1. Report, in debye and to the nearest 20, how large the dipole of the chain comes out about its Cα centre when Lys and Arg carry +1 and Asp and Glu carry -1 on their Cβ.
2. Taking only the alpha-carbon atoms of segment 283-365, what semi-axes of the equivalent ellipsoid follow from 5 times the gyration tensor eigenvalues under a square root, in whole Å, largest first?
3. In degrees from 0 to 90, rounded to the nearest 10, what is the angle of the helix 2-13 Cα long axis to the longest principal axis of the chain?
4. Which of Y390, L354, G364 sits closest to the plus end of the dipole of segment 353-392, meaning its Cα is farthest towards the positive end, when Lys and Arg get +1 and Asp and Glu get -1 on the C-beta?
5. Which pairs in the list K238/K623; K32/K94; K94/K262; K119/K237 are over 23 Å apart, alpha-carbon to alpha-carbon?
6. Under a point-charge model restricted to the Cβ atoms of Lys and Arg (+1) and Asp and Glu (-1), what is the dipole moment magnitude of segment 118-264 relative to its Cα centre, in debye to the nearest 20?
7. Ordered by packing density, taken as the mean number of other Cβ atoms within 10 Å over each peptide's residues, highest first, how do 661-668, 496-503, 307-314 rank?
8. Lysines near K638 by alpha-carbon distance under 21 Å, same-chain residues fewer than 8 away left out - which ones?
Amino acid sequence: MKYIKFTLFICCFLTGYLGVAQSKVTLNGFVKDASNGEELIGVTVYVDEISNGAVTNPYGFYSLTLPPGTYHINWSYIGFRPIEKVIDLQANSKLNIELSSTVTEMREVIIRGEEEEDKNISSIEMSRNDVPVELARKTPALFGEPDIIKMVQMLPGVVSVGEGTSGYFVRGGSADQNLILIDEAPIYDPSHFFGLFSVFNADVIKDSELYKGGIPARFGGRLSSILDVRTIDGNNKKFAGSGTIGTLASKIMVEGPIAKDKSSFLVSARRSYADLFLKFSSDEDTRDNQVYFYDVNAKVNWKPNNKDRIFLAAYLGRDAFRFGDLFGFNWGNATTTFRWNHLFSEKLFSNTTLVASNFDYALGSEQAAAEFEWTANLQEFSLKEDLGFYINPGNTLNFGVSASYRRFSPGTIEPGSESSIYAKTRLDKMYAYDYAFYAGLEQHLTERLSLQYGVRLSLFQNVGEGVIKQYAKNERGFPDNVNTQVIRGTKYGMGETIKTFFNAEPRFNARYMLADESSLKASYNRMAQYIHLLSNSTLPVPFNTWTPSSPYLEPQLADQVAVGYFRNFSDNMYEFSVESFYKKIQNVTDFADNANLFLNKDAPVEYRQGESEAYGLEFFLRKSKGNLTGFVSYTLSKATRTIPEVNKDQTFLANYDRRHVLNVTTNYILDDRWSVGANFTYSTGRPFTLPTGRYEVDGYGVDLFSGRNSYFLPDFHRLDLSANYEPRKNANRKWKTSWSFSVYNAYNRKNPFTIFTEAEQDDDGNVVDANKKVAKMVYLFPILPSVSYKIGF
């Protein structure tokens, strides 16, 4: 709380002292969509007389501080009609602007809603991609459900582990090193249906950005990327809604004003219905199975005056699978975000956010001799204060503080009956506090050179209640995971500090304009991550366990540098960029060979920390105008790890390393009713570990391994196709309808999902030789057609 008080003191100082000291005047306000009242992010506010201006922040706010005088000011945003006004600015003034959409005049798919057409050239930020939601809605999708995570996986520098997963890997980082936010609340597992869908319903997404490097100081807590997703606020002009019936899932969305132009609401729900079809099966065992997911997005907002905006957003989602009484599991995310925007003055904007997030999962069985239920969860509560001080059109200061509390409940097993073979087992809960203060300044030094720099100071405390065990060590000084022995244990009371970590995380970006259509950029950032995902699996499944930094685990630290060349062609119709990066990670977490992590009360003896190194080149070409739109991305990269007592201390490839990745996404408008799209993806096979032999010890078989990730899966490639039909618009028609048709894996490629080994068997499934291993590949999806129908008003 003292950090919040300190920030409020700074606010008062800036509001009072700087407000009185300056002799200039300020024009500020919000920019909104005229059709529904949504604040627009990234609108250019350009002043002709100074050849400079401002950009609306993530909440639609802008501020311009200028000498008194008369100015020609332009508000522009792709997909909207620009507005120009002549302003006689003699005193501080407020001016809210509403922009009208141009979609009635053109049906081009706008794949980026930026403040200016040359944003990729002129902005200071690099290694940042807008995730094109509109393009995602038009391009092919598995089972006809648009998914921005799948679009993220098509961007340069991003690697997918394969089909059927929402996990992704950015610039040599692991899946748990990506911070995924929905309305500023963290999502710890973004998957539905084990990755066939993600938690993001495309119908309610307003804006989404992926940061891969040069990450602004306001973000922290992960090493590799930030995916910042914001949902629409709800139409405050009129009631509207839509419903979609798809092959595997359906959804509905309703929005409208509570008090026109003052407050509004949004409710959206989505559910799969594969389980409903199972009930019609002639097989009784099949009828007893259960498989479904659902999610709900809800939001209300209130604008009592021009200085305040209040928002309350919630997300709830869950997946459930049950195979009769044999086995079942479920997992889900729940988040709530309260946000208050306030103007302390014409130049000082405040965003106060209170966040609650919960991720939990459960596994269980109802078999008589093996009845049990395993439950685990991670809860987080955060308070953040972010401020932007708009000094003048060439200088903007952003600063703030945050405080978080996390409770880790790694697992509890409850036997289902007295005859169960499972005993009651409870792993100790863990607790942590996480604080941060950041400040960043954006400066336009000359017409060609601009800088953005800052620092984030992070403080992390692992606290009790708990017992910290000291383990006997092996000859190399690591906890002995072969003959585990506890020397002593130290007990800590509730809230008592066990260990404190502090890190300074500097950030830097620079942009130099070579010409109006080209620029060079460079960036450096250090990131600290204080929580770790305990998993020795390549696939980011929801049943992995999170744990805080502690006496057993040091925080992970990443240093990344990147340089890039950016160029536009043909009046900004084509955008091209090439970036190179180098990333070094300290204290990357892995596990000793043959580690046992399942409900292991002494799991710390399995932890090993070392170094990771990644470097690569990323090429990106995008066409954003005309009937044909889309992008091509190519990534050449390498990611390695060197960890003591893993792979005999030898450097090995990360199991998500893919040397070459090529992605193509396109959409073509045939006429005013039909458009077609295609996705193509290719990547070299990822490395994996296979046993090379087997021997017996006291009658037990033990696998032999030659090296970590020394084998490679076959190359991966796939083509998806789509067609979208929208009837001609009729002003007298209240209802709007559309059809989407798609074919996933159009040429029926058998892409391996994973590989496993089993003892050699005959045609009847009998083991022929228990010491002889046979490798088998698992394939997920053949060619899959789908159709969806959408109706809206």
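1. Here the size comes out at about 1700 debye.
2. Working through the eigenvalues yields semi-axes of 44, 12, 5 Å.
3. With rounding to tens, the tilt is 10 degrees.
4. Y390
5. Beyond 23 Å: K238/K623; K119/K237.
6. The calculation lands at about 240 debye.
7. Put in order of decreasing packing, that is 661-668, 307-314, 496-503.
8. K212, K583, K584, K648
The values are calculated or read from the model by the stated rules, or taken from the named source; none is laboratory data. All figures in this text were calculated on a predicted structure; none of them were measured in a lab. Note that we place each Cβ from the backbone using ideal geometry, even for glycine, and neighbour counts take in every protein chain shown. Accessible surface is based on the protein model in full, side chains and every heavy atom, while ligands, DNA and RNA are left aside. Shrake-Rupley method; radii C 1.70, N 1.55, O 1.52, S 1.80 Å.
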